Amino acid sequence: MSTAKDRSPAGSGLNDDIGEQKRLALYRSQVRLREAEQRAFDLFLQNLVKGTSHLSLGQEAIAAGFAEAMVKGDLSFCTYRGHAHTLARGVPVEKVLGELMQRDNGLMRGKGGSMHLTSEEHGVMGSYAIIGAHLPIACGAAWRAQYKGDKDVSVCFFGDGTTNIGAFHEALNFAAIWKLPVVFVCENNLYMEYTPIGDVTAVEHPAADRASAYGLERIVIDGNDADEVYRTAQKAFAKARAGEGPSLIECMTYRHSGHSRADPAKYRPEGELEKWKLRDPIKIYRERLKQFGVSDETISAIDASVLKEVDDATEACKAAPVPPEEIIFTDVYANGGWAWRN
Amino acid sequence: MAELTYRDAVARGIAQEMARDPDVVFLGEDVAKAGGVFKATVGLYEQFGPLRVRDTPISEQAILGAAMGAAMTGLKPIAEIMFSDFFAVCFDYIANEFPKSRYMSNGQTKCPLVVRTGNGAGSRFGAQHSQSVENWCMMIPGLKVVAPSTPLDVIGLLAAAVRDPDPVIFLEHKSLYATKGEVPDGEIVDTLGTAKIVRPGKDCTIIALALMVSRALAAAEILQVEHGIDCEVIDVRSLVPLDTKTILGSVAKTHRLFSVEENPRLCGWGAEIVSIVADEAFYDLDGPPVRITTPHIPLPAADNLEDLVLPTPARIVETIRRSLGS
């Protein structure tokens, strides 16, 4: 709901459909994802983040834009590159950093790790590390909503590389024929792990150019513009909630870091990263806020409060104990244990 | 009490659970309007309607993935994979997704679903439509695995599987669909993780599963009549959870163990049980445990060839007779 206070200065000529309150939330979310992931990277260099981790630095507008368009009860299905999507649904930074740092305060107490972030209470129904696996799973959650008459939407995030695995195509067809309330979000960051997506895909737009095969609209958006992402998400969610079926949205973006922590991304052509950094989603959005008359003080206050959350979370995680050994044997089965025999 | 085929027992078991709980839904290829390629789900579409009994495309990953998403969010899906051999094209869900989600999320998520499938040989379908894949499933932590041998057990174990809060792989044997058995009227619910002594005996224990149970019983009859060997036959029924108590108790009584397994030899389910018995009941044994299995080969299609490779009553009799030295 737009209020007088939300509106941009009269005569600015800028689209004010989003409103100041939501714009500040979108900005805050993007900065929070950036700072938290940058911190994860720094902690990795200090050997405090273990295992692997896949960062979304540079792709924050997509996670923030979709999450801000979601309402309580909507469900997120993420990939192994899922820190941003998990945080964007409101999961505390401490819970995510704790999991990355293998501490007992982690989201899953160290039993899942970076690639499997899950927070059911926030609607984050899991992060899936097998490419494509979660697209059919999101269909199933949407089928439940359809069957029970629930109004929630299942939102499934994945990368450009996922568009070449079978489960992607099975899920799109399945969602289309059953008219399921599911929204598929392809984050096209131009690289399938280390390989340019264009080198291994028959079409220019790996998701959108396949949409017509499933009777879906071809949608390609600027994934570095949180407003555009937010508006597109709202439209797709409204369609899903109205019982009009799935959407497939391809968001063009770029990851600033390598595929995983082991990847220095030397395969990039010279200058490509620098070019994309000019289109950094947070830089774009900070300028947008200023165009709408948001003061430097307001922006700095958001930046400072985010940094404080991340700093506090870091200290809490450093002080947290490692998980107790007895949880090795818990929650294999629903009775809480692991017994496979009497 | 009525006589029912194993095939009709499947439909009755599903119907019993769908009538009891509106959250039970059923999906698979050709399962609704066509009533299933084995005719095991005839009438369900008519009884429960198109929202609860749904035909899917040939998309095994979509079938199992959708079942999982529905299960995670509140439904109790039954998914059919037409032939168990097709587990190979959707094994990610069976091996990586269903059984690991709860553990990885530290208990936040649930996955109460049943995957029904036609398992086993005898139909001359060749190496990609005849396999016994129970050992593929048994090796995965987080799954439960059952394989009924009678119409009564089909209903009771299916009901138990649907009501169970964990993912259950339900292996129906294709060569049993036409077999008949007595089934009482009214609701039938069994217990997962329970083996059944289907023939008491004192000289040796034979453990068997699904189609092999009737062959073990036939062999036991011949051994009794022709050789004076009194076999105890156990229908294992549930590989996970495994009722080791019943098996170890039987071995303590008979002092000899034979498994009859349709799965190919390496890592067959009997190997795990033999290992448990060797660990925990070695001094109860009067001789080596012996596994009678399908050889470690892909299954041939021709009548005479397929018949030769599956354990038969004659092979069971011969193996046990020789092992017991009578």
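When the residues of segment B:24-71 are filtered to those that are in contact (Cβ under 8 Å) with a residue 24 or more places away in the chain, over 30 Å from B:Gln108 (Cα atoms) and not in a loop (DSSP other than H, G, I, E, B), which remaining residue is nearest to the other protein chains (Cβ to nearest Cβ)?
B:Asp55
Would you mention how many residues in segment B:306-325 are more than 22 Å from B:Leu209 (Cα to Cα) and out of contact with any Asp or Glu (no Cβ under 9 Å at 6 or more places or on another chain)?
We begin by selecting, within segment B:306-325, every residue more than 22 Å from B:Leu209 (Cα to Cα); these are B:322, B:324-325.
Narrowing the set further to residues that are out of contact with any Asp or Glu (no Cβ under 9 Å at 6 or more places or on another chain) leaves B:322, B:325.
Within segment B:306-325, residues that are more than 22 Å from B:Leu209 (Cα to Cα) and out of contact with any Asp or Glu (no Cβ under 9 Å at 6 or more places or on another chain) number 2.
If only one of B:Asn135, B:Asn119 is out of contact with any Leu (no Cβ under 6 Å at 6 or more places or on another chain) and outside the structural domain of B:Thr312 (by TED's automatic domain parsing), which one is it? Steps first, answer last, please.
Values: B:Asn119 fails: out of contact with any Leu (no Cβ under 6 Å at 6 or more places or on another chain).
Residue meeting the stated conditions: B:Asn135.
Look through segment B:242-254, keep the residues that are more than 7 Å from chain A (Cβ to nearest Cβ) and among the β-branched types (Val, Ile, Thr), and return whichever of them is surrounded by the fewest Cβ atoms within 10 Å (Cβ to Cβ). Break it down stepwise before answering.
So in segment B:242-254, the residues more than 7 Å from chain A (Cβ to nearest Cβ) come out as B:246-254.
Checking the rest, the ones that are also among the β-branched types (Val, Ile, Thr) come to B:246-247, B:251, B:254.
Details: B:Thr246: 20, B:Ile247: 23, B:Val251: 25, B:Thr254: 22.
In this case the residue turns out to be B:Thr246.
With respect to the numbered conditions (1) in contact with a strand residue (DSSP E or B) (Cβ under 8 Å, 6 or more places away or on another chain); (2) farther than 28 Å from B:Thr73 by Cβ, which one is the sole condition not fulfilled by B:Glu172?
Going through (1) in contact with a strand residue (DSSP E or B) (Cβ under 8 Å, 6 or more places away or on another chain); (2) farther than 28 Å from B:Thr73 by Cβ one by one, B:Glu172 breaks only (2).
Go through (1) without any contact (Cβ under 8 Å) to a residue 60 or more places away in the chain; (2) of a type in the set (Gly, Ala, Ser); (3) out of contact with any Leu (no Cβ under 9 Å at 6 or more places or on another chain) and name the single condition B:Ala216 misses.
Evaluating B:Ala216 over (1) without any contact (Cβ under 8 Å) to a residue 60 or more places away in the chain; (2) of a type in the set (Gly, Ala, Ser); (3) out of contact with any Leu (no Cβ under 9 Å at 6 or more places or on another chain) leaves (1) as the failure.
Restrict the check to segment A:32-48 and report whether at least one residue is away from chain B (no Cβ under 14 Å) and either touching a strand residue (DSSP E or B) at 6+ places or on another chain (Cβ under 7 Å) or among the β-branched types (Val, Ile, Thr) (or both).
Applying the first criterion (away from chain B (no Cβ under 14 Å)) to segment A:32-48 yields A:32-48.
From what is left, the residues that are either touching a strand residue (DSSP E or B) at 6+ places or on another chain (Cβ under 7 Å) or among the β-branched types (Val, Ile, Thr) (or both) are none.
The answer is no; no qualifying residue exists.
Checking B:Ile222 against (1) touching a residue at least 24 places away in the same chain (Cβ under 8 Å); (2) buried (at least 22 other Cβ atoms within 10 Å of the Cβ); (3) assigned by TED's automatic domain parsing to the domain that holds B:Leu285, which test does it fail?
Evaluating B:Ile222 over (1) touching a residue at least 24 places away in the same chain (Cβ under 8 Å); (2) buried (at least 22 other Cβ atoms within 10 Å of the Cβ); (3) assigned by TED's automatic domain parsing to the domain that holds B:Leu285 leaves (2) as the failure.
Scanning segment A:139-158 for residues that are crowded, with 24+ Cβ neighbours inside 10 Å and more than 11 Å from chain B (Cβ to nearest Cβ), which turns out nearest to the chain's Cα centre (by Cα)?
Here is the first cut: in segment A:139-158, the residues crowded, with 24+ Cβ neighbours inside 10 Å are A:139-145, A:153-158.
Next, only the ones that are more than 11 Å from chain B (Cβ to nearest Cβ) stay: A:153, A:155, A:157-158.
Numbers: A:Val153: 15, A:Val155: 10, A:Phe157: 7, A:Phe158: 9 Å.
Here the answer is A:Phe157.
What are the residues in segment B:238-275 that are assigned to a loop (DSSP other than H, G, I, E, B) and either under 20 Å from B:Gly193 (Cβ atoms) or touching a Ser or Thr at 6+ places or on another chain (Cβ under 6 Å) (or both), if any? Give the derivation first.
So the first thing to find is which residues in segment B:238-275 are assigned to a loop (DSSP other than H, G, I, E, B), and the list is B:241, B:243, B:255-256, B:265-268.
B:Pro241, B:Asp243, B:Arg265, B:Gly268, listed by residue number.
Quick one: in segment B:72-92, which of the residues that are part of a helix (DSSP H, G or I) and at the interface with chain A (Cβ under 7 Å from one of its Cβ atoms) is nearest to the chain's Cα centre (by Cα)?
Selected residue: B:Asp92.
Within segment B:229-241, can you find the residues that are within 12 Å of chain A (Cβ to nearest Cβ), buried (at least 24 other Cβ atoms within 10 Å of the Cβ) and under 15 Å from B:Ala160 (Cα atoms)? Even if it seems obvious, please write down each step before you answer.
First, the residues of segment B:229-241 that are within 12 Å of chain A (Cβ to nearest Cβ): B:236, B:238-241.
Filter once more, keeping what is buried (at least 24 other Cβ atoms within 10 Å of the Cβ): B:236, B:238-240.
Residues satisfying the conditions are B:Ser238, B:Leu239, B:Val240.
Taking A:Arg210 as the residue in question, decide whether it is over 21 Å from A:Thr253 (Cα atoms), of a type outside the set (Gly, Ala, Ser) and buried (at least 22 other Cβ atoms within 10 Å of the Cβ). Don't jump to the end; show me each part of the working.
Working: over 21 Å from A:Thr253 (Cα atoms): no; of a type outside the set (Gly, Ala, Ser): yes; buried (at least 22 other Cβ atoms within 10 Å of the Cβ): yes.
It is false that A:Arg210 is over 21 Å from A:Thr253 (Cα atoms), of a type outside the set (Gly, Ala, Ser) and buried (at least 22 other Cβ atoms within 10 Å of the Cβ).
When you look at B:Arg116, is it under 23 Å from the mean Cα position of the chain (by Cα) and at positive phi, yes or no? Give the derivation first.
On the way: under 23 Å from the mean Cα position of the chain (by Cα): yes; at positive phi: no.
Considered against the rule, which asks whether it is under 23 Å from the mean Cα position of the chain (by Cα) and at positive phi, B:Arg116 comes out as no.
The values are calculated or read from the model by the stated rules, or taken from the named source; none is laboratory data. In this text, all values refer to a predicted model and were calculated from it rather than measured experimentally. Virtual Cβ from ideal backbone geometry, glycine too; neighbours counted across all protein chains shown.
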